[in-house]
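Below is one structure; the comments refer to it alone.
The values are calculated or read from the model by the stated rules, or taken from the named source; none is laboratory data. Fair warning: this is a prediction, and the values are worked out from it, not measured in the lab. Neighbour counts run over all protein chains shown; Cβ positions are idealised from the backbone, glycine included. The area values use the complete protein model at the heavy-atom level, side chains included, leaving out ligands, DNA and RNA. Shrake-Rupley method; radii C 1.70, N 1.55, O 1.52, S 1.80 Å.
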Amino acid sequence: NDPAALAKWYLKWLSVPIDPENPEYGASFKASEFPAGGLNVWSPFKDSTTYLNPSDKPYMFNFMVDDLDGAMAQVIEGGAEQIDEIIDSEFGRFGWFMDPEGNKVELWEPGSTE
């Protein structure tokens, strides 16, 4: 609804690299700056999936973070709503929240590469 405001929210609460003077350009992420074991992921889901709930949108954002607990605390302070509990898995740690415009967001802290 308000791309500039949403971009500025992501800049403030998750340090997404957005130029505050030109938020309409979005953000670019350099693979060379990914943490060890970090990946770009594209995962299509059937339209019958419940994985994107409670969002009514047909997509979800996923961001890699180096401190899931800290990142989740920041977005909650910024007004986001945490969805479900944080999960530890063989692929790392995962947490979810709804952003101010109702987009479901997954935060992923990659596991150790040892």
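For the stretch 1-33, residues that are open to solvent by less than 60 Å² (accessible area, probe 1.4 Å), under 16 Å from the mean Cα position of the chain (by Cα) and of a type outside the set (G, A, S) total 8. Here G38 meets the list (1) at pLDDT 85 or above; (2) outside any helix (DSSP H, G or I); (3) not β-branched (V, I, T) almost entirely, failing just condition (1).
Taking every residue in the stretch 15-34 that is within 18 Å of V75 (Cβ to Cβ) and without any contact (Cβ under 8 Å) to a residue 12 or more places away in the chain and pairing it with any residue that is part of a helix (DSSP H, G or I) and open to solvent by less than 70 Å² (accessible area, probe 1.4 Å), at least 6 positions away or on another chain, the pairs with Cβ-Cβ distances below 6 Å are I18/A7; I18/L11. Among the residues making up the stretch 1-17, those that are of a type outside the set (S, T, N, Q) and farther than 23 Å from K57 by Cα are K12, P17.
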